Amino acid sequence: MLLTGKSAVVTGGASGIGEACARLFTAEGASVLIADVDQRAGQALADELATAGHRCHYIYADVTNETSVETMIAKAMQLYSRLDCAVNNAGIGGAADSIEKLSLTDWQRVIDVNLTSVFLCLKHELKVMLPNQSGSIVNVSSGAGLIAVPNMAAYASSKHGVLGLTKTAATENLRTGIRINAILPGSTRTPMVQASMDMDETIRKMILDSARCGRLAEPMEIAQNIAWLCSDRASYVSGESICVDYATVCR
Ligand SMILES: NC(=O)c1ccc[n+]([C@@H]2O[C@H](COP(=O)([O-])OP(=O)(O)OC[C@H]3O[C@@H](n4cnc5c(N)ncnc54)[C@H](O)[C@@H]3O)[C@@H](O)[C@H]2O)c1
């Protein structure tokens with residue numbers, strides 16, 4: 001199996017792409033700590049996977065809060081004694097408005113959940129990975145990290161920011177044995193994408209048009225690439241930003 005003996009934390013692990021990661025990582029032999037603000041869904045998924053014989057736990061964690069992130073990492077260390085993999089995946093779409101109408105509160109919330117969270121997670125994941133001189137971290141950006149997304153300025157800016165953070169973290173860790181990469185999913189069939197499509201007609205059209213192969217991605221198709229990056233098969237890959245979008249950004 002791809003991840004036998006490894007331990008992982010998955011933020012936003014209760015739904016969508018994070019849920020697919022929790023399912024795939026445990027199936028591939030990893031111990032997984034699901035971290036999410038959705039207590040009901042997170043605990044239910046951890047219980048389901050544990051009942052199926054996997055090593056899986058849930059912790060309430062709000063990735064915008066540094067104390068909460070520290071507690072999450074401490075829990076992973078307490079449960080598994082080491083942290084090999086981290087998937088910084090929690091995110092929100094945020095309000096749909098053109099820039100002149102966007103409130104500072106709405107802007108700030110998206111930046112906090114999608115970008116500042118990745119900084120906080122990286123900071124505390126690196127602290128426990130550095131003594132082992134090994135680890136693999138995957139930050140979940142988006143196709144919106146490369147292109148304009150009208151009416152979603154905060155989202156696009158946060159996801160562009162995740163790429164800068166990923167490259168910087170990878171460069172700071174060239175000689176530490178810790179690999180840091182970003183995955184850029186195309187439009188994927190998750191509750192977040194459904195909510196964005198329901199919110200704004202322009203965004204609905206953009207999401208459906210972006211699926212150039214005629215369908216949205218399944219969460220598991222994104223998780224497969226994240227699992228590969230976390231595995232030893234990607235041992236010479238760091239600082240990369242990998243699109244899993246069926247050529248969506250090749251316009
Ligand atoms: N679905 C897509 O089309 C798509 C495309 C590109 C990128 N992404 C990115 O993939 C990631 C996962 O998205 P998804 O589509 O699976 O969404 P989702 O809404 O299905 O899942 C996101 C999870 O993050 C959790 N979360 C939200 N705020 C949190 C916080 N402050 N602390 C901890 N957990 C929090 C939610 O409770 C939820 O379980 C996001 O970063 C998103 O931007 C998604």
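Expressed as a whole percent, the accessible surface of the chain that belongs to carbon and sulfur atoms is 53, based on a 1.4 Å probe. Using r as the Cβ-Cβ distance of ARG40 and ILE147, and R0 as 35 Å, what FRET efficiency do you calculate, to the nearest 0.05? So the FRET efficiency works out to roughly 0.50. The listed residues GLU172, GLU70, once ranked by accessible area (1.4 Å probe) with the largest placed first, stand as GLU172, GLU70.
Tally Lys/Arg at +1 and Asp/Glu at -1 over every other residue whose Cβ is under 15 Å from the Cβ of ASP38; what's the total? Neighbourhood net charge equals -4.
Spin-label model, ARG82 to VAL249: label points 7 Å out along the Cα-to-beta-carbon direction sit 3.3 nm apart. Note on the chain: the C-alpha convex hull projects to 12.7 nm² when averaged across all orientations.
Dipole size of the chain about its Cα centre, with +1 on Lys/Arg Cβ and -1 on Asp/Glu Cβ: approximately 560 debye, rounded to the nearest 20. The value of relative contact order for segment 7-243, using C-alpha pairs under 8 Å at least six residues apart, is 20 percent. In segment 159-207, inverting the average of 1/r over every pair of distinct C-alpha atoms gives 13.1 Å as the Kirkwood radius.
When only alpha carbons are used to place a centre, segment 78-96 and segment 1-71 end up 8 Å from one another. For the residue pairs LYS101/LYS205; LYS75/LYS159; LYS6/LYS167; LYS6/LYS159; LYS123/LYS167, alpha carbon separations beyond 19 Å are given by LYS101/LYS205; LYS75/LYS159; LYS6/LYS167; LYS6/LYS159.
If R0 is 22 Å, the Cβ-Cβ spacing of ASP209 and ARG109 corresponds to a FRET efficiency of close to 0.25. Mean-square fluctuations from a GNM of the chain, with a 10 angstrom spring cutoff on Cα atoms, peak among MET220, MET152, MET206 at MET206.
As an exercise, use a Förster radius of 25 Å and the Cβ-Cβ distance of ALA52 and SER134 to find the FRET efficiency, rounded to the nearest 0.05. The calculated FRET efficiency here is 0.35. Scattering from the C-alpha atoms of segment 26-121 alone, worked out with Debye: what is log10 I(q)/I(0) at q = 0.23 1/Å? For segment 26-121, the Cα-only Debye profile gives -1.19. Could you work out the helix-only [θ] at 222 nm for the chain, with each DSSP H run of four or more residues adding -39,500 (n - 2.57) and the total divided by the number of residues, to the nearest 500 deg cm²/dmol? Helices in the chain give a 222 nm mean residue ellipticity of -14000 deg cm²/dmol. Packing order of peptides 107-115, 28-36, highest average first: 28-36, 107-115 (average count of other Cβ atoms within 10 Å over each peptide's residues).
The values are calculated or read from the model by the stated rules, or taken from the named source; none is laboratory data. From a predicted model like this one, the values you see are computed outputs, not experimental measurements. Here the Cβ is made from the backbone with ideal geometry for all residues, glycine too, and neighbour counts use every protein chain on show. Please note that ligands, DNA and RNA were not included when accessible areas were found on the heavy atoms of the full protein model with its side chains. Shrake-Rupley method; radii C 1.70, N 1.55, O 1.52, S 1.80 Å.
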